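Worksheet: the structure to be examined is printed underneath.
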Amino acid sequence: MRDIPKIELHLHLEGAAPAAFIRGIAKEKSVDLSEIFAEDGSYAYDGFLEFLKVYEAATSVLTTPEDYRRLTREVLSQTAAQGVIHTEFFVSPDFCGGGDVGAWRDYLGAMEEAAEAARVEDGITSRGIVTCIRHFGPEKARAVARCAAETAGGWITGFGIGGDEGMGRLQDFAWSFDCAREAGLGLTAHAGEWGGPDSVRDALSLGVSRVGHGVRAVEDPALMERLAEDGIVLEVCPGSNVALGVYPSWASHPIETLRAKGVPVCVSTDDPPFFHTTMEHEYQRLADVFGWDEGDFAELARVAARAAFCDETFRKELM
Ligand code: ADE
Ligand code: ZN
């Protein structure tokens, strides 16, 4: 599994922070974060809303551009070791300067430095998708969209939204998506993870070309047909869905059904240490549970390469 070339389009930078990395930075800064870790040292949470709280608590120790440089470098080296050749990170100005464009530029510069080092030293390429956080509300999202627009081009090639899908309506974020589109950024939105088919339709109304998760589209045949016809790619994260309880087991996960209906899917880990997963592990489970083979994995990579937020010259290199 390791040697199969993989493209990962849905990876939250802070969510990819190994627990030991966060514990190390907390120790350096004398911050007591013990309540977010289990006895075995992994992240401890019960359910999605608590996961978001633990995610934000872990992120709270990342307070400088240098912390983000170290994090980006560490995550890319671990990801490259999984056979991933290209990664797209969700990165959040809310956590990197609170939506201030000047501060965001400093954090972004540190991430870009690490990304370039990983390209040269580990042979993995990456891009950043600036991401607003739904439960922080539309006003904060506007500041995030301004950060995205100001730094579009280069490493930043996309804009998205994550966070609590139960809060507010995606339409309330339309201004931010319009701003990002005008800046030339690719668009994606988390939807159809906790919300049903209507939530995926809301994402489509923002003009996205990809949907984060989107798996609950499986509940609506007409919607699956629309996704297939329009070539909207679902960034499916089966291990995340099972760990958070969207589906009770890998066997009951709808990725196989979605694919059979012609919906373009690719596979990612979302927040791997939180969900005790890696890209290699996701591929192994797809092989064990659904019998996917090298041909299926090559198709995953083709779909991801077509959907990657990058220019056409670089896309050809990925394909
Ligand atoms: N942020 C990090 N992981 C997420 C997920 N699975 N859903 C929504 N927001 C997230
Ligand atoms: Zn996600």
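Filter the chain for me: DSSP H helices, axial length by Cα at least 15 angstrom, mean Kyte-Doolittle hydropathy not below -0.5. List them by residue number.
Helices passing the filter in the chain: 48-59, 101-122, 138-150, 294-307.
Rounding to the nearest 20 debye, state how big the charge dipole of the stretch 6-318 is about its Cα centre with +1 on each Lys and Arg Cβ and -1 on each Asp and Glu Cβ.
Here the size comes out at about 500 debye.
Return the inverse of the average 1/r over all pairs of distinct C-alpha atoms in the stretch 147-198, which is the Kirkwood hydrodynamic radius, in Å to one decimal. Walk me through the intermediate numbers first.
Numbers: mean 1/r = 0.0842 Å⁻¹.
One over the average 1/r among Cα pairs gives 11.9 Å for the stretch 147-198.
Per residue and in cubic angstrom, what volume does the convex hull of the Cα atoms of the stretch 1-159 have? Before the final figure, lay out each step's value.
Details: hull volume 18.7 nm³, N = 159.
Measuring per residue, one finds 118 Å³ for the Cα hull of the stretch 1-159.
Hey, which of these cross-link pairs are over 23 Å Cα-Cα: LYS27/LYS53; LYS6/LYS27; LYS29/LYS53?
Beyond 23 Å between Cα atoms: LYS6/LYS27.
Positive end of the dipole of the chain, charges at C-beta (+1 Lys, Arg; -1 Asp, Glu), about the Cα centre: which of PRO272, LEU300, TRP155 has its Cα farthest in that direction?
Value: TRP155.
Once you have all Cα-Cα distances for the stretch 138-282, histogram them in 5 Å bins from zero and send the whole-percent values.
Using 5 Å bins, I get a P(r) of 2, 10, 19, 21, 19, 16, 9, 3, 0 for the stretch 138-282.
In what sequence, highest mean first, do 252-263, 212-223 appear when ranked by Cβ atoms within 10 angstrom? The partial results should precede the final answer.
On the way: 252-263: 18.1, 212-223: 21.9.
Result, highest mean Cβ count within 10 Å first: 212-223, 252-263.
May I ask which residue of ALA118, SER30, TRP194 lies farthest towards the positive end of the charge dipole of the stretch 6-318, with charges of +1 (Lys, Arg) and -1 (Asp, Glu) on Cβ and the Cα centre as origin?
ALA118
Give the span of the stretch 32-83's Cα atoms along each principal axis, as three whole-Å numbers ordered largest to smallest.
That gives 30, 28, 20 Å along the principal axes, largest extent first.
In the chain, if the dipole is taken from +1 on Lys/Arg beta carbons and -1 on Asp/Glu beta carbons about the Cα centre, which of LEU108, SER249, VAL215 is farthest to the positive end?
The listed residue farthest towards the positive side: LEU108.
P(r) for the stretch 6-318, please, calculated from all Cα pair distances in 10 Å bins and given in %.
In whole percents, the pair-distance histogram is 6, 29, 39, 22, 4, 0.
Just to confirm a number: summing +1 for Lys and Arg and -1 for Asp and Glu over residues other than HIS12 whose beta-carbon lies under 9 angstrom from that of HIS12, what do you get?
-3
Starting from the Cα coordinates of the stretch 116-219, work out the convex hull volume and express it per residue in Å³. All intermediate terms of the calculation are to be shown ahead of the outcome.
Values: hull volume 10.7 nm³, N = 104.
Output value, Cα hull per residue: 103 Å³.
Between GLU219 and GLU56, 0.36 nm times their residue separation minus their Cα-Cα distance comes to what?
55.6 nm
Quick note: the coordinates plus some simple rules give every number you see, no bench work behind them. Just so it is clear, the model here is predicted, and its values are computed rather than measured. Glycine also receives a Cβ, built like all others from the backbone with ideal geometry; neighbour counts cover every protein chain displayed.
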